[in-house]
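Notes for the one structure printed next.
The values are calculated or read from the model by the stated rules, or taken from the named source; none is laboratory data. Quantities reported herein were computed from a predicted structural model and do not represent experimental measurements. No Cβ is skipped: glycine too gets one built from the backbone with ideal geometry, and neighbour counts run over all protein chains shown. For the accessible areas, the whole protein counts, side chains as well, though only heavy atoms, and no ligand, DNA or RNA atoms are used. Shrake-Rupley method; radii C 1.70, N 1.55, O 1.52, S 1.80 Å.
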Amino acid sequence: MSNNPNKRTQGGRGGGGGRGSQGRGGGPPKKESILELAKFMDATVRVKCLGGRELQGTLRGYDDLVNLVLDDCDEFIRDPQDMQRVTDETRKLGLVVIRGTQVSLVSPQEGMEEIANPFLVPSAEEGGDEEE
């Protein structure tokens, strides 16, 4: 037997021992995805991405990592003076693949309406009536 401390032998530390329940074949069953994107297939969806981009198109496919395929996709252009504000102006992109790591929101276009932010405190110059 060799006296080399770096050489690993069967049965010692790091040997090819059993993996327990975390190896192949054992372990917990795969969890179901909490996203139900199947009901949005072939429907128009609006996707918000982490960088602030907003896209709208027909959902043609997706996977477990929320990679999305949108057809007839349009990108909503941001206001040049206020990059946080999205305008109604669009740019045609066509068929796109959106990487799941960038997706922050997927919503159906039908039945979607913008509501006022309930957490936004109105400023005094916007017509607040607190001074009376």
What strands (runs of 3 or more DSSP E) lie completely within segment 57-110 and have 1 or more residues being touching a Gly at 6+ places or on another chain (Cβ under 8 Å)? 68-78, 86-98
Looking at segment 54-100 only, could you name the residues that are open to solvent by 20 Å² or more (accessible area, probe 1.4 Å) and in contact (Cβ under 8 Å) with a residue 40 or more places away in the chain? GLN56, VAL66, VAL96
Search segment 101-117 for residues being open to solvent by less than 100 Å² (accessible area, probe 1.4 Å) and more than 20 Å from the chain's Cα centre (by Cα), and hand back the single one that is nearest to LYS39 (Cα to Cα). GLY111
Selection count, segment 12-50, where residues are open to solvent by less than 70 Å² (accessible area, probe 1.4 Å) and modelled with pLDDT of 85 or more: 10
